[in-house]
Amino acid sequence: MTPNEIQTVIKTVATAYRNFDTNETHLKLWADMLRNGDYEKTRIALEKHIAANRFPPSVAEILVKPNNSFLQTEKILQERNKKIESNNNRLGIDDFSVPETIRTAILERNNKKTYQCLTSEEEAARKALIASQREKIMRESMNHDKS
């Protein structure tokens, strides 16, 4: 979390609970503990706590730490941004140290063909083909029923 996000969390706790200890040592401990947390998820956990509890939370009750893949992704994105800024160009997946599972997923996604809408002429041709095939099947069905 950023210092502003940490401050927001602590202010929210202090505002919601008058009996929350706001001495300097206590606030510093909270700030140190919240530093590596995920702000949005911690904020949501705090809101849930406030809605359900009349006593202030401990850090452990509201702190949500980002999972390892989140931290890896953040590191990769920071590395990418630095390289892009230094090179002033677009870089590919091979320019970064990315775990193999993420690299594979990215490459698979990049290789997928995107769906493109048909033009009105192509759509009309498709509908005409379907209609002619339907007619042919109906004729064959009728001929088969006669024999």
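A few notes on this one:
- If you filter segment 99-125 down to residues that are over 30 Å from Lys75 (Cα atoms) and open to solvent by 100 Å² or more (accessible area, probe 1.4 Å), you find that the one that is farthest from the chain's Cα centre (by Cα) is Glu121.
- For segment 42-64, the criterion of being of a type in the set (Ser, Thr, Tyr) and more than 15 Å from Met1 (Cβ to Cβ) is met by at least one residue.
- Residue count, segment 42-57 (criterion: among the polar types (S, T, N, Q) and open to solvent by 50 Å² or more (accessible area, probe 1.4 Å)): 1
- Residue check for Arg35: under 30 Å from Ile102 (Cβ atoms), among the basic types (Lys, Arg), open to solvent by 60 Å² or more (accessible area, probe 1.4 Å) and modelled with pLDDT under 95: yes
- If the condition is being under 22 Å from Asn53 (Cα atoms) and open to solvent by 90 Å² or more (accessible area, probe 1.4 Å), then segment 8-28 contributes Lys11, Thr15, Arg18, Asn19.
- Verdict on Asp145 being at pLDDT 70 or above and loosely packed, with under 10 Cβ neighbours inside 10 Å: yes
- Residue pairs whose Cβ atoms lie under 7 Å apart, sitting 6 or more positions apart in sequence or on different chains, and linking a residue in segment 100-111 that is closer than 15 Å to Arg80 by Cβ to a partner that is in a helix (DSSP H, G or I) and open to solvent by less than 100 Å² (accessible area, probe 1.4 Å), are Arg103/Ile93; Ile106/Ile93.
The values are calculated or read from the model by the stated rules, or taken from the named source; none is laboratory data. What you see is a predicted model, and the numbers here were worked out from it, not measured in a lab. Neighbour counts are summed over all protein chains in view; Cβ atoms, including those assigned to glycine, are modelled from backbone coordinates with ideal geometry. With ligands, DNA and RNA removed, areas are computed over all heavy atoms of the protein, side chains included. Shrake-Rupley method; radii C 1.70, N 1.55, O 1.52, S 1.80 Å.
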